[in-house]
Amino acid sequence: NAGVTQTPKFQVLKTGQSMTLQCAQDMNHNSMYWYRQDPGMGLRLIYYSASEGTTDKGEVPNGYNVSRLNKREFSLRLESAAPSQTSVYFCASRQNTDTQYFGPGTRLTVL
Amino acid sequence: KQEVTQIPAALSVPEGENLVLNCSFTDSAIYNLQWFRQDPGKGLTSLLLIQSSQREQTSGRLNASLDKSSGRSTLYIAASQPGDSATYLCAVRGFEASGSARQLTFGSGTQLTVLP
């Protein structure tokens, strides 16, 4: 039982490049989330998926797209990376109103 | 809009001391409140989850309390150890207008250092 896994762990992009962050969970959770964490600002929700086949915007969705590929996998795509998207990205999952479980994070730098 | 505040941003204590971390939130209509621990360069680990109907939860040396009416929660750590050094985050899950659960709103955390 690996919990929530994320790839890659680290990534450096140039402005304008695109990339996809991958997330998978093996706990059969319905809900999955993408957050970004910036110094002194806590975690902010980018997008979430309450169930397979649905996605919704969070607090800071601009510049991102998501895909809930199946119940296990939820990916985050940056179509044209900007320096303001330099951050640590966390994926999470949960079932109903229970505990939320987090992945180890992806540290992204956009030059 | 729910706002979650954690003060202080950083705290340093000697080993063995009992300590309290504070969390305050602006909207008292909540589903639950969760405390997380984050080690440097790592993800978040859930410590305690308090449902809105509960007053406190305990796990080992940790005790979390919830006072919805005042919009406050505390995380009590007994007999602190250097291994407790980490950032502790509080997160609140509220209600949407429809009555369904809202997404988590996080505080910015308290960075705890326990000195040997």
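Residue B:21 passes all but one of (1) in a loop (DSSP other than H, G, I, E, B); (2) farther than 27 Å from residue A:2 by Cβ; which number fails?
Condition (1) is where residue B:21 drops out.
Determine which member of the set B:89, B:48, B:44 is over 18 Å from residue A:104 (Cα atoms), under 13 Å from the mean Cα position of the chain (by Cα) and open to solvent by less than 60 Å² (accessible area, probe 1.4 Å).
The unique qualifying residue is B:48.
Checking the condition part of a loop (DSSP other than H, G, I, E, B), within 13 Å of chain B (Cβ to nearest Cβ) and touching a residue at least 24 places away in the same chain (Cβ under 8 Å), which residue from A:61, A:104 passes?
A:104
Quick check on my filter: what residues within the stretch B:30-41 are open to solvent by 50 Å² or more (accessible area, probe 1.4 Å) and either touching a Leu at 6+ places or on another chain (Cβ under 9 Å) or under 19 Å from residue A:59 (Cβ atoms) (or both)?
Passing the criteria: only B:31.
From the list B:70, B:46, which one is small (Gly, Ala, Ser), assigned to a strand (DSSP E or B) and farther than 20 Å from residue B:12 by Cα?
Exactly one residue qualifies, and that residue is B:46.
Of the numbered conditions (1) part of a loop (DSSP other than H, G, I, E, B); (2) closer than 25 Å to residue B:102 by Cβ; (3) of a type outside the set (Lys, Arg), residue A:81 fails exactly one; give the number of that condition.
In the conditions (1) part of a loop (DSSP other than H, G, I, E, B); (2) closer than 25 Å to residue B:102 by Cβ; (3) of a type outside the set (Lys, Arg), residue A:81 misses (2) alone.
For (1) surrounded by 14 or more Cβ atoms within 10 Å (Cβ to Cβ); (2) in contact with a Gly (Cβ under 6 Å, 6 or more places away or on another chain), each residue gets a yes or a no:
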| residue | (1), (2) |
| --- | --- |
| A:46 | yes, yes |
| A:55 | yes, no |
| A:68 | yes, no |
| A:74 | yes, no |
| A:78 | yes, no |
| A:84 | no, no |
| A:88 | yes, yes |
| A:103 | yes, yes |
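Please state which of the following conditions residue B:70 fails to meet, knowing it meets all the rest: (1) open to solvent by 50 Å² or more (accessible area, probe 1.4 Å); (2) closer than 30 Å to residue A:8 by Cβ; (3) more than 11 Å from every other protein chain (Cβ to nearest Cβ).
Going through (1) open to solvent by 50 Å² or more (accessible area, probe 1.4 Å); (2) closer than 30 Å to residue A:8 by Cβ; (3) more than 11 Å from every other protein chain (Cβ to nearest Cβ) one by one, residue B:70 breaks only (2).
Taking the options A:18, A:51, name whichever one is of a type in the set (Gly, Ala, Ser) and without any contact (Cβ under 8 Å) to a residue 24 or more places away in the chain.
A:51
The values are calculated or read from the model by the stated rules, or taken from the named source; none is laboratory data. A quick note: this is a predicted structure, and the numbers were derived from the prediction, not measured. All Cβ positions, glycine included, derive from the backbone under ideal geometry; neighbour counts span all protein chains shown. Just so you know, the surface numbers come from the protein's heavy atoms only, side chains and all, with ligands and any DNA or RNA stripped out. Shrake-Rupley method; radii C 1.70, N 1.55, O 1.52, S 1.80 Å.
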